[in-house]
Amino acid sequence: RVMEFDPKGSVVAIKNVAVNEPFFQGHFPENPVFPGVLMVEAFAQLGGLWAYLSGVEEVASKNVFFVSVDKVKFRRVVKPGDRLVLRVDLLQKRSAVYKFQGKAYVDDNLAAEGEVTMVIDIEGPDRKGLPAAR
């Protein structure tokens, strides 16, 4: 659930972590831990949401792709019953490339942080707007 949106470059959302979520069956059956990769994905999702809500790009009909994930650190385990507060802040925008700093908290304690860079496919579904592969 989105709690705050600032068109100047930030979004804050919450995720209530429930024990009945399917990934807990394998991560880990005896000791359920919220997967860190889902926190990183949430940073990217919130960054894309910011671009959509801010109107800086016509994101609704475009694809958004990861370009990079950097400086990710996991600081504490997130368990079922925790309330995860996620925040992303825009660090940089160049053309259709966006870089965000993401942070995830449980009870005001930092659980994860990292930077995500994404590109909005400015040419549409044929993906002509993507940077050339290296």
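The values are calculated or read from the model by the stated rules, or taken from the named source; none is laboratory data. In this text the structure is predicted, and so the values were computed from the model without any measurement. Every residue, glycine among them, receives a Cβ derived from its backbone with ideal geometry; neighbour counts consider all protein chains shown. Protein only, heavy atoms only, side chains kept; ligands, DNA and RNA dropped before computing areas. Shrake-Rupley method; radii C 1.70, N 1.55, O 1.52, S 1.80 Å.
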Filter region 83-102 down to residues that are hydrophobic (A, V, I, L, M, F, W, C) and either within 23 Å of Phe24 (Cα to Cα) or not in a strand (DSSP E or B) (or both) and give me whichever is modelled with the lowest pLDDT.
Ala96
Residues of region 30-63 being within 26 Å of Asp108 (Cα to Cα) and in a loop (DSSP other than H, G, I, E, B), which ones?
Asn31, Pro32, Val33, Phe34, Pro35
Which pairs have Cβ atoms under 8 Å, sit 6 or more apart or on different chains, and link a residue in region 103-124 that is open to solvent by 30 Å² or more (accessible area, probe 1.4 Å) and modelled with pLDDT of 90 or more to one that is in a strand (DSSP E or B) and of a type in the set (Gly, Ala, Ser)?
Lys103/Ala112; Tyr105/Ala111; Leu110/Ala104; Glu113/Gly102; Glu113/Ala104
For Pro80, which of the numbered conditions (1) outside any helix (DSSP H, G or I); (2) open to solvent by 70 Å² or more (accessible area, probe 1.4 Å) fails to hold?
(2)
Selection within region 48-73 - crowded, with 19+ Cβ neighbours inside 10 Å and either over 15 Å from Ser95 (Cα atoms) or among the β-branched types (Val, Ile, Thr) (or both)
Trp50, Val59, Val64
For region 6-29, how many residues are closer than 30 Å to Val97 by Cα and either without any contact (Cβ under 8 Å) to a residue 24 or more places away in the chain or in a loop (DSSP other than H, G, I, E, B) (or both)?
4
For region 29-43, give me each residue that is more than 16 Å from the chain's Cα centre (by Cα) and open to solvent by less than 30 Å² (accessible area, probe 1.4 Å).
Val33
Checked region 1-28 for anything open to solvent by less than 40 Å² (accessible area, probe 1.4 Å) and under 14 Å from Ala51 (Cα atoms); matches are Gly9, Ser10, Val11, Val12
